[in-house]
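Notes for the one structure printed next.
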Amino acid sequence: MQPISLAMTAALGRFLKAEVPEIGLGIIVEAHDPVASLSIAHATGADFVRLKVFVGQAMTAQGPKTGMGAQALAFRNALGRDDIAILADVHDRTAVPMSAETPEFAAEWAQKTGADGLILTGADWADSLARIRRARETGIKRPILLGGSVTSGNVGEALSAADGVIVSTALMRKDAPAGDVLRWDIDLCRRFMDAARAGRG
């Protein structure tokens, strides 16, 4: 991660925590760099980081990446910040695994390596739910988040299978111009949260 990006992200994170201290803040950086993510979280007081290619190997648009789990855990321990949770993607849909292990086997790897929570995302909605089911059957005890294709229409079903969800696109303004940093639609966010609460109920 470039130093300027690291500094800007840390500054924004500190601002958010100062303005809304009760917010649960997470850090994800595009670079395959657990040290950068955890450093930003440490500096900002963030609650968690999201790390992709935590175990195994995967081919990404930027080239091959190797599991960063051991490095992440060692650096978090060096910081003395076990309170920063690590959410680990397992066979993220934006990459192609370079080895033959099943998603549920990779989930076991991630759990044993030390991830605090797992993010499972299949090729489509049905595949995502199937991966979560198989992971549970395998004996995964860590919280599982469903990582894609969640909307206000299916969040109830998602929360019946997973402990939480990650959502972005479904909450964005359809008319947001390119480069607009305020892309989220407040009404869509409210409707989504109403549906999520109803689903939890």
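Taking (1) modelled with pLDDT under 95; (2) under 30 Å from PHE75 (Cβ atoms); (3) in a helix (DSSP H, G or I); (4) not charged (D, E, K, R) in turn, ALA100 satisfies each apart from (3). If you filter the stretch 25-38 down to residues that are more than 17 Å from ILE119 (Cα to Cα) and in a loop (DSSP other than H, G, I, E, B), you find that the one that is modelled with the highest pLDDT is ASP33.
Put simply, of ALA130, ALA107, ALA126 the only residue that is closer than 22 Å to GLN57 by Cβ and either outside any loop (DSSP other than H, G, I, E, B) or touching a residue at least 40 places away in the same chain (Cβ under 8 Å) (or both) is ALA107.
When you scan the stretch 161-177, do you find a residue that is touching a helix residue (DSSP H, G or I) at 6+ places or on another chain (Cβ under 6 Å), farther than 30 Å from PHE105 by Cβ and exposed (fewer than 15 other Cβ atoms within 10 Å of the Cβ), even just one? Scanning the stretch 161-177 turns up no residue that is touching a helix residue (DSSP H, G or I) at 6+ places or on another chain (Cβ under 6 Å), farther than 30 Å from PHE105 by Cβ and exposed (fewer than 15 other Cβ atoms within 10 Å of the Cβ). From the list THR94, THR44, the one residue that fits, being over 20 Å from GLN111 (Cβ atoms) and surrounded by 15 or more Cβ atoms within 10 Å (Cβ to Cβ), is THR44. The residue that is modelled with the lowest pLDDT, counting only those in the stretch 169-197 that are more than 19 Å from the chain's Cα centre (by Cα) and hydrophobic (A, V, I, L, M, F, W, C), is VAL181. In the stretch 133-153, the residues that are over 22 Å from PHE48 (Cβ atoms) form Cβ pairs under 8 Å with partners that are acidic (Asp, Glu), at six or more places apart or across chains, as follows: ARG134/GLU104; GLU137/GLU104; THR138/GLU104; THR138/GLU108; GLY139/GLU108; SER152/ASP194. Only residues that are under 18 Å from GLY13 (Cα atoms), in a loop (DSSP other than H, G, I, E, B) and among the hydrophobic types (A, V, I, L, M, F, W, C) were counted across the stretch 39-83, and they come to 1. Give the residue that is nearest to ALA126 (Cα to Cα), with candidates limited to residues of the stretch 156-201 that are β-branched (Val, Ile, Thr) and without any contact (Cβ under 8 Å) to a residue 12 or more places away in the chain. Filtering first and then ranking leaves THR169.
The values are calculated or read from the model by the stated rules, or taken from the named source; none is laboratory data. As the structure is a computational prediction, the values presented were derived from the model and not from experiment. So basically every Cβ, Gly included, is an ideal-geometry build from the backbone, and we count neighbours across all protein chains shown.
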